[in-house]
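Report on one structure; see the data block that follows.
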Amino acid sequence: MRHLITRLSRTCRARLPIIALFSLMIHQPAFAHGGVDHNNSCFLTVGDTKLRISGYQFQPELEGKHFCHFFPELGQIVLAVEPLAEGQEKTLVTLELAALSSWLNPAQAFTVIKQQPEQLIDTGLASISQTIRERGVYRLNVTLQDASGNRQQQHLMFLVGIPVTKIMVMIAGGLLVWVIGFLVVSSLKKKDA
């Protein structure tokens, strides 16, 4: 039995650097798709109006990608809102960015950190930008007011500074190492039996 443990340890120690190297090689191509393309944008319905929400970050490695619920880095973010249907020329839009400030009190859970002045959405696009310096949960509040004065509001929650894709790749790499280790142990047990 002791011989099996020593042999197993040597085998695992010899293969572990190779497995780690392969998991690191998997990391970069998998993260290349961290941002979604324009066909997979986020959508939000406020009353009868369907909006496309596109989020951007301006770090060099994130250039050309958009985000919706997960912004992997801290820094400047921009959230753009555009209606999908024509005929919204007289609709006013207000955008607010809020940060989660309390997990315990739902009524005061979010604090507004930036508000854009009310503007006509006649250009087809409204946006809000902010430099985020703390990892956390944030919310975009979108308020639409039609020509009759009716106001409707909807929220979009998102995370900033949490590289979800990188975390998932690391978990997948760890799981792969565990499965390979399990297969190696199983094959060694069969050889000794």
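Per-residue answers, yes or no, for (1) touching a Cys at 6+ places or on another chain (Cβ under 8 Å); (2) outside any strand (DSSP E or B); (3) at pLDDT below 90; (4) not aromatic (Phe, Trp, Tyr):
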site: ILE113; (1), (2), (3), (4): no, no, no, yes
site: GLU134; (1), (2), (3), (4): no, yes, no, yes
site: ARG139; (1), (2), (3), (4): no, no, no, yes
site: GLN152; (1), (2), (3), (4): no, no, no, yes
site: LEU156; (1), (2), (3), (4): yes, no, no, yes
site: ILE162; (1), (2), (3), (4): no, yes, yes, yes
site: THR165; (1), (2), (3), (4): no, yes, yes, yes
site: MET168; (1), (2), (3), (4): no, yes, yes, yes
Counting only residues that are modelled with pLDDT of 85 or more and aliphatic (A, V, I, L, M), which one in segment 59-77 is surrounded by the fewest Cβ atoms within 10 Å (Cβ to Cβ)?
LEU74
Give the residues of segment 114-131 that are surrounded by 14 or more Cβ atoms within 10 Å (Cβ to Cβ) and under 18 Å from LEU74 (Cα atoms), sorted by residue number.
ILE128, SER129, GLN130
Of the criteria (1) closer than 16 Å to ARG52 by Cα; (2) among the charged types (D, E, K, R); (3) free of Cβ contacts under 8 Å to residues at least 40 places away in the same chain; (4) surrounded by 12 or more Cβ atoms within 10 Å (Cβ to Cβ), which one GLU86 fails:
(4)
Has segment 37-58 got any residue that is assigned to a helix (DSSP H, G or I), modelled with pLDDT of 50 or more and assigned by TED's automatic domain parsing to the domain that holds HIS155?
no
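The values are calculated or read from the model by the stated rules, or taken from the named source; none is laboratory data. Everything numeric in this text was worked out from a predicted model, so none of it was measured. Every residue, glycine among them, receives a Cβ derived from its backbone with ideal geometry; neighbour counts consider all protein chains shown.
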